[in-house]
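Here's the structure, in structure tokens; my notes come after.
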Amino acid sequence: MRAYYCPGTHWDREWYEPFQEFRMWLAELIDALLDLMERQPDYKCFHLDGQAVVLEDYLLVRPENRERLLALMREGRIIAGPWYVLPDEWLISGESYVRNIMKGRSVCRELDVPAMNFAYTPDQFGHIAALPMIMTGLGLPAGICWRGTQDENYPAMFQWVGPDGSKMPTYKLRDDGSYAPFLFKFRNKIKNGELSEGLFAEHFDPYLEEERERSDVPLVLLLDAIDHFPADEQSIAILEELERRHPDVEFVWASLEEFGKDMAAHADKMPERTGELREPCRTTGRGGQYLIVHTLSSRYPLKKANDECQALLEHWAEPAALMSLMHGGSPNLRYLDLAWEYLLKNHPHDSICGCSVDQVHRDMRFRFDQCQMLADGLIRRAIAELGQANETPEALPYMVLHNPLPFERKGIFELALPFPADYGPKFVDGLTTGEPINRFRLVNTEGTPIPYQLSRIEHGTLHKRLASNGRHHNFQGDVYHVAVEMALPACGLTGLGIEPVPEATRNNSGQLTGPLTADNGRIVFSVNTDGTASLLEKNTSKTYESLFLYEDTGDAGDGWTRGQLVNDIVFKTPGNRVAVAVVEDGPLRTVFRVERELDLPRNLDRRSRWRSEDRTCLRIVDMMYVDKNAPFVRIRTRVENSIKDHRLRVLFPTPIRTEKSYAETPFAIVERPIDIPPEAAAWHERVNPETAFTTCFGIQDALGGLAVLCPHGLHEYEVTRTPERVLALTLFRATRQTVGTQGEPDGQLLDPLEFEYLLYPFSAPLDAPTALRIVQEAQTPVRSHQAAAVPETRSFCRVEGAVVVVTALKPAADGNGGIVRLWNPADSDAAATITFSQPLKSAHACNLSEEPGEALDLVDGCGFTVTAPARGLATVRFAW
């Protein structure tokens, strides 16, 4: 048998101390490590937690030690990467995984040091189903896990099978040893540095025997890498003594990469496991191996900012930069890299999960802001160039609209039209006291009138117009907000003209069929006077009643977990006081406004753990948009959170009887059982019915179903264990406790909070690619500006054929060519053709690391066809 000793540290970059304090700890750790390794060549190697960001953090404050550090790394003694940061797995996009590994490898490459080739994920709060597919796609041949797996069901080594059938040999750390079992089972037992015979017999020998019995593979991993621990010189003497005591065991002090290679050689002896790893901790004494699920709903503003930044980069900045490059532009791609760098630094689980001290999360806001500003500036310059932006007064009548998504979009779009304050013809509804309204029509590139609906007017306001150089240009005048019915070309631009007309321009028809009922052709949506609503999907005639019941419960927890109260008061109400209004109705859109006031306990009594008898008004405003021919209702909610220590959810009852829910997670659609096994009542960690989704979840029966699509910030749902299932969407949790403090204020979220989601009834079975395209559209509003004339409609790139999800359309990381990535969540292979407006020079299938493989035939010189495997990914690298 061979036993690998792999020492290192687990480096939470920020958590119970903010980043700058932990960086001082890091500098102290690496300073001591350099001294130790230079003095003791027998201290073979040490891992820096699979991350590369620690190299940047250290060298910024210890530049004088650069060559000492890099020399030891080139010898394979100090080991970093492949990650840039160790991320949470549930709260980031699939693309963020890829960019994280690529950034980590890039940092190592720029320093001319190797990046570890091992999928190191020791402490994530459970694991997504697609992780083996992503890791093997990046060339990582083996990996490790801990939380989300229990020893009863997982041996020490197994083949983890991804949704596309890819397999990754995976080492499962023992339940009771954390990610430093060697430390907890043996090294911590050493007193006064004495390595006695009894110490080994009492502690190490049973530990080694238990590890032997955990797998049929003749390998053991002695991992020694807990939070912020430094290297221990005594490990040298320990290993020497182990070799003496156990001559039948080959002890190898080596890297995890070397262990992974050896493990992979025994893959045929391993059982297979598929799907997510999300089992809760069953008994006490398992080393704190909690699954920890409620980080999904803590500090909602962080989740929202993260999703907005991801969408801005993936759906807007990268396609815009690529199209600019392909058409002769020269965007500075370093801005993209820098934006991703800021964003990735917010992805460690103690950061994005919202379970750190307040200062950590205040620092995160700065990084999100930098990411957003960099991406926005790059986008503005790219579209100003592609659309020939013009900020002169003469350009006001000519609008250019941009769509960065590589498929045509048809529907109702929101536009802001600037007018000079002295714009000519106006009409007034009334004699002389009504609001003056400009008389104009909108026409497309052929001069054909475009239907529009006036939503509101801002008179005499300051408006930011896009200048020809991509900068903002201040404009003082009137801004007309309109809903426009248009078709936008795939990854391209089109235009419209604003023309004065002599007659008034009113819409005398609408979608209302009753006082509070709208029919848009595909759905019928009715709001009741108590604030609930019903939704009819016309194709299936399935109706969902009593929607929008708000549930408020107490929460005595923290950023990690919801503190469920023994004696709680669970409020389920559409509101103590409700007012319903129609704020807009026309042929293109109907908008309902529901104002709710809920009288709720002000806070939680710390000693009794009861919710207070004192009641405070919580105000909620729901804006409900029913757009012409849209298969969904869009909800925009504003909550003025005025109370503490609580969780707020919105409930959607259904008539559906089913045993499973489904959810989108990064690069995988997963099914989950709804009911909890009876034996789980005795487990140490509660089986929480709340669980994760990335942008959509729902249920269905043979006829159809109801899904909730969430573009930004919302990631926790439950399907109730009732005969007729209820979808419960968590909006937020408000808590005071932070790790290692007496409590801090920021987690209570005592600010206005804004949410957006779509209610999507559908015919069975769910068409996942179509639903996910709807989400992408919701994440990607069109951008517009003025030009010297109405431009011709242009499509720079389009995806045709099978409906697949395009997750990346970007410049190649090395600056040579472009990358397109397709995700096929369906159960059968899908062929799609990608066509560009520019002639192509070459196209090659490639892996997630963008390394080219098989050449693809070009279609008409400007496109290629690629097949995305069932439930898998396909990536193509192309040049023009």
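Table for the structure above
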{"read-out": "Some residue of region 484-493 being within 19 Å of L442 (Cβ to Cβ) and either among the aromatic types (F, W, Y) or over 33 Å from the mean Cα position of the chain (by Cα) (or both)", "value": "no"}
{"read-out": "Test: residue in region 277-289 that is modelled with pLDDT of 95 or more and on the phi > 0 side of the Ramachandran plot", "value": "no"}
{"read-out": "Complete set of residues in region 48-66 that are outside any helix (DSSP H, G or I) and open to solvent by less than 60 Å² (accessible area, probe 1.4 Å)", "value": "L48, D49, G50, Q51, A52"}
{"read-out": "Count of residues meeting criterion [in a loop (DSSP other than H, G, I, E, B) and under 13 Å from the mean Cα position of the chain (by Cα)] in region 664-677", "value": "2"}
{"read-out": "Check on A832, over 15 Å from M323 (Cβ atoms) and either open to solvent by 30 Å² or more (accessible area, probe 1.4 Å) or acidic (D, E) (or both)", "value": "no"}
{"read-out": "Any pair with Cβ under 6 angstrom, 6 or more apart, that starts in region 311-326 at a residue that is over 16 Å from F368 (Cβ atoms) and ends at one that is at pLDDT 95 or above and small (G, A, S)", "value": "A320/A382; A321/A382; L322/G818; S324/A382"}
{"read-out": "Of residues in region 403-422 being assigned to a strand (DSSP E or B) and hydrophobic (A, V, I, L, M, F, W, C), the one surrounded by the fewest Cβ atoms within 10 Å (Cβ to Cβ)", "value": "A416"}
{"read-out": "Condition check for G76: more than 26 Å from N824 (Cα to Cα) and either at pLDDT 95 or above or assigned to a loop (DSSP other than H, G, I, E, B) (or both)", "value": "yes"}
{"read-out": "Residue ID - modelled with the lowest pLDDT, chosen from residues in region 1-40 that are part of a loop (DSSP other than H, G, I, E, B) and surrounded by fewer than 19 Cβ atoms within 10 Å (Cβ to Cβ)", "value": "M1"}
{"read-out": "Boolean, R593 is in a loop (DSSP other than H, G, I, E, B) and over 15 Å from L648 (Cβ atoms)", "value": "no"}
{"read-out": "Number of positions in region 804-816 that are buried (at least 18 other Cβ atoms within 10 Å of the Cβ) and farther than 23 Å from L312 by Cβ", "value": "0"}
{"read-out": "Of the criteria (1) crowded, with 16+ Cβ neighbours inside 10 Å; (2) without any contact (Cβ under 8 Å) to a residue 24 or more places away in the chain; (3) β-branched (V, I, T), which one V484 fails", "value": "(2)"}
{"read-out": "Where a residue in region 492-516 is among the β-branched types (V, I, T) and its partner, wherever it lies, is in a loop (DSSP other than H, G, I, E, B), with Cβ under 6 Å and at least six apart", "value": "T494/T793; I498/P397; V501/R439; T505/R439"}
{"read-out": "Cβ-Cβ under 6 Å pairs, at least 6 apart or on other chains, region 786-806 side at pLDDT 95 or above, far side of a type in the set (F, W, Y) and buried (at least 18 other Cβ atoms within 10 Å of the Cβ)", "value": "Q786/Y398; A787/Y398; A789/Y398; V790/Y398; C797/F836; V799/F407; V805/W823"}
{"read-out": "Unique match (being part of a strand (DSSP E or B) and either among the hydroxyl-bearing types (S, T, Y) or open to solvent by 40 Å² or more (accessible area, probe 1.4 Å) (or both)) among V479, V578", "value": "V578"}
{"read-out": "Wholly enclosed strands (runs of 3 or more DSSP E) of region 688-767 bearing at least 2 residues modelled with pLDDT of 95 or more, open to solvent by 30 Å² or more (accessible area, probe 1.4 Å) and within 17 Å of R634 (Cβ to Cβ)", "value": "752-763"}
{"read-out": "Residue that is surrounded by the fewest Cβ atoms within 10 Å (Cβ to Cβ) [pool: residues in region 445-468 that are of a type in the set (S, T, N, Q) and farther than 18 Å from Y398 by Cβ]", "value": "T461"}
{"read-out": "Residue pairs meeting the criteria (Cβ under 7 Å; at least 6 apart or on separate chains; first under 19 Å from F46 (Cα atoms), in region 20-31; second among the β-branched types (V, I, T) and surrounded by 19 or more Cβ atoms within 10 Å (Cβ to Cβ))", "value": "L26/V54; L29/T9"}
{"read-out": "Flag if S297 is in contact with a Cys (Cβ under 7 Å, 6 or more places away or on another chain) and surrounded by 18 or more Cβ atoms within 10 Å (Cβ to Cβ)", "value": "no"}
{"read-out": "Residue match in region 268-289 (condition: assigned to a helix (DSSP H, G or I), among the acidic types (D, E) and crowded, with 24+ Cβ neighbours inside 10 Å)", "value": "no"}
{"read-out": "Residue in region 73-88 that is more than 30 Å from D35 (Cβ to Cβ), β-branched (V, I, T), open to solvent by less than 20 Å² (accessible area, probe 1.4 Å) and touching a Leu at 6+ places or on another chain (Cβ under 7 Å) present", "value": "no"}
{"read-out": "Region 425-453 residues that are free of Cβ contacts under 8 Å to residues at least 40 places away in the same chain, paired with ones that are surrounded by 16 or more Cβ atoms within 10 Å (Cβ to Cβ) and among the polar types (S, T, N, Q) (beta carbon under 7 Å, 6 or more apart)", "value": "K426/N438"}
{"read-out": "Helices (runs of 4 or more DSSP H) contained in region 301-393 and holding at least 3 residues under 25 Å from H473 (Cα atoms) and in contact with a strand residue (DSSP E or B) (Cβ under 9 Å, 6 or more places away or on another chain)", "value": "318-326, 358-386"}
{"read-out": "Sole exception among (1) assigned to a loop (DSSP other than H, G, I, E, B); (2) of a type in the set (A, V, I, L, M); (3) in contact with a Pro (Cβ under 9 Å, 6 or more places away or on another chain) for V484, by number", "value": "(1)"}
{"read-out": "So D751, is it closer than 19 Å to T295 by Cβ and out of contact with any strand residue (DSSP E or B) (no Cβ under 7 Å at 6 or more places or on another chain)", "value": "no"}
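Condition check ((1) in contact with a Lys or Arg (Cβ under 9 Å, 6 or more places away or on another chain); (2) without any contact (Cβ under 8 Å) to a residue 40 or more places away in the chain; (3) assigned to a strand (DSSP E or B)) across all residues:
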residue: I819; (1), (2), (3): yes, no, yes
residue: A832; (1), (2), (3): no, yes, yes
residue: P839; (1), (2), (3): no, no, no
residue: H844; (1), (2), (3): yes, yes, yes
residue: L848; (1), (2), (3): yes, no, no
residue: E854; (1), (2), (3): no, yes, yes
residue: T867; (1), (2), (3): no, yes, yes
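Residue-by-condition table, conditions (1) more than 23 Å from the chain's Cα centre (by Cα); (2) not in a strand (DSSP E or B):
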| position | (1), (2) |
| --- | --- |
| D622 | yes, no |
| I635 | no, no |
| S642 | yes, yes |
| P655 | yes, yes |
| Y662 | no, no |
| E679 | yes, yes |
| R686 | yes, yes |
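The values are calculated or read from the model by the stated rules, or taken from the named source; none is laboratory data. Note that the structure is a prediction, hence the values are computed from the model and not measured. Note that each Cβ is placed from the backbone with ideal geometry, even for glycine, and that neighbours are counted across all protein chains shown. Surface accessibility is based on the protein's heavy atoms, side chains included, excluding ligands, DNA and RNA. Shrake-Rupley method; radii C 1.70, N 1.55, O 1.52, S 1.80 Å.
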